[in-house]
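Input: a single structure, listed below in structure tokens.
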Amino acid sequence: MGNGSSIESTKTVYLDINGKSEKIIFSRHCSSRDIHDLIAQVAGVGKFCEISLKDCQGAHVSLAPTMPMNSNGLPYKVAIKDTAPTSGDNEVIAQVLTTVTEQFNRLTLTDSASVFKMEELKSDISSRLNALERKMEIEGLKSVEIEKCKRDISEIKDQIWTAQKKFVDFNRISSVSDETKISLKRDVPSYPKYTLSHETTDYLKQPTFDIWHWEPNEMLSLMEHMYHELGLVAEFSINPITLKRWILCVQENYRNNPFHNFRHSFCVTQMMYGMINLCRLWDHISRESLGILMTACVCHDLDHPGYNNTYQINARTELAIRYNDISPLENHHCAIAFKILSNPECNIFSNVDKDTFKRIRSGMTMLVLATDMARHGEIMDGFKEKLELGFDYSKKDHMDSLKMVLIKACDISNEVRPMEVSEPWVDCLLEEYFNQSDREKSEGLPVAPFMDRDKVTKPTAQIGFIKFVLIPMFETLSKLFPILDETMVEPLRTARDRYESMKEQGALDEKEKK
């Protein structure tokens, strides 16, 4: 860049509007709405049209002051969709007003100065919204006033967006930062002792275990039982009170997401416990490695923000920047896990020697990073190759490959469970997906079809995943542990058939409606 201040403060972008070349210049400090309106003016269309940009390779470009500059020979192609007022505008405006209000309720402000500024902004905009709503009721929203209300609401949404970007970091790591030490919010006395029946402890070892019937404190007791029953407390010389504190602290550092929450962590850990017992993994895997597997399951989604890696990277969040777009969430989960363990009150490995802790840290990091589905093909190909050559339990790389597949299988194993247990998880996952896709749409980011509430249904969400990911993975594992074919692969085939029937029935219902 040159030295002139005008060059530093403005950006030039070339456009192709219906085959006509145009050039726009805008300030780097203007809003996305300003750019939208500028393009609308150049194109000779209304300000309320939907405008999207694609580069020469067909990739969507965010309509934002941060968009990359291009050249006259490689203009962005402009697509315009008319959204002229219709008879349904009353409902549209009401929905927009509701959305604006909900956005305020979701704001999480982190410092007193920001709170003060945002409260002023919130008070001012709330007053304006109330005035608009009264105007809608009193004047009946004539066509001229509909357009004016839309313009006012659009300006308000811009103000909210600008304020959020300025004062709120959506991906702020809750109460956690690199400089913050994680400590318990409550101590063990408020964590009651449960007496587990023999039937419950046997049931806990089964993949059919219903994880929905247990309260948070009961899940803590069940996790504690697993560590004692597998001999991990003795293996690592864990102080039982420290074990309680650690599980408590882990629970407190899972967020209240629809899917990626503490119950999911418990679900994955219980499935690993079930596989250890079903496959008698202690015959092949050391007690230390079993402890690493279980602990990685407990910690594998710590402080998950509810938005996946694709969002983190596309939105250029703090996590994506920190981890250079390489498995940002999984790296973060690892970091939080070892931050918890760095607190002496919660360090279940405080009594092991340095070499053992080094193996624990290396093993847990490897396993949590393996849960990134972007690495699924790579990990499965490596495991299949070792099976074809002849799996050797004495080789470290063979065992590492097996352990990575085991935690991956447990992480996505919900459909192995009975329908009444698995189906609520699909609803939770779709809710989290829809939250993300709604946000991506509002921020002008790419939206994955399988997350778009307008495109996906429960059967379409599950059929391909079961057929092409779950069944091949568990069939591959069953070559090493044949018992899994009956206990896990068959339930997956049943689930696939059930969703295919649901899809066919849905198609018939749609046909009858028409």
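The label point for residue 288 and the one for residue 210, both projected 7 Å from the Cα toward the Cβ, are 4.1 nm apart. Share of carbon and sulfur in the accessible area of the stretch 225-264 stands at 46%, probe radius 1.4 Å. Note on surface exposure: 376, 228 rank 228, 376 by accessible area, highest first, 1.4 Å probe. With a simple spin-label model that places each label point 7 Å from the Cα along the Cα-to-Cβ direction, the separation between residue 373 and residue 486 comes to 3.1 nm.
Please report, to two decimal places, log10 I(q)/I(0) for the stretch 417-495 at q = 0.23 Å⁻¹ as given by the Debye formula with identical point scatterers on the Cα atoms and no solvent. Taken in order of the listed q values, log10 I(q)/I(0) reads -1.02. Taken per residue, the accessible surface of the stretch 299-361 reaches 43 Å², heavy atoms only and a 1.4 Å probe. The packing ranking, built from the mean of other Cβ atoms within 10 Å per residue, places the peptides 19-29, 215-225, 330-340 in the order 330-340, 215-225, 19-29, highest first. Charge dipole of the stretch 469-514 (Cα centre as origin; +1 on each Lys and Arg Cβ, -1 on each Asp and Glu Cβ, all else neutral): 180 debye, rounded to the nearest 20. Its Cα gyration tensor gives the stretch 243-317 an equivalent ellipsoid. The semi-axes, each the square root of 5 times an eigenvalue, are 27, 15, 11 Å from largest down.
Using the crude model of +1 on Lys and Arg Cβ and -1 on Asp and Glu Cβ, and no other charge, please compute the dipole size for the stretch 433-514 relative to its Cα centre, in debye to 20. Walk me through the intermediate numbers first.
Working: 14 positive and 15 negative charges, 32 e Å.
Rounded to the nearest 20 debye, it is 160 debye.
Separation of the stretch 316-348 from the stretch 3-80 is 37 Å, based on Cα centroids. A 1.4 Å probe run over the protein chains yields, for the stretch 390-514, 49 Å² of accessible area per residue, whole-number rounding. Among the trypsin sites (Lys or Arg not before Pro) in the stretch 388-431, those placed in a DSSP loop whose Cβ has at most 12 other Cβ atoms within 10 Å are 395. Given R0 = 56 Å, the distance between the Cβ atoms of residue 56 and residue 391 translates into a calculated FRET efficiency of 0.70.
If you wrap the Cα atoms of the stretch 392-439 in a convex hull and average its projected area over all directions, you get 4.9 nm².
Peptide packing: for 427-437, 380-390, the average count of neighbouring Cβ atoms within 10 Å per residue gives the ranking 427-437, 380-390, highest mean first.
The values are calculated or read from the model by the stated rules, or taken from the named source; none is laboratory data. As the structure is a prediction and not an experimental result, all values here were calculated from the model. Cβ sites come from the backbone with ideal geometry, for glycine too, and all protein chains shown count toward neighbours. Please note that ligands, DNA and RNA were not included when accessible areas were found on the heavy atoms of the full protein model with its side chains. Shrake-Rupley method; radii C 1.70, N 1.55, O 1.52, S 1.80 Å.
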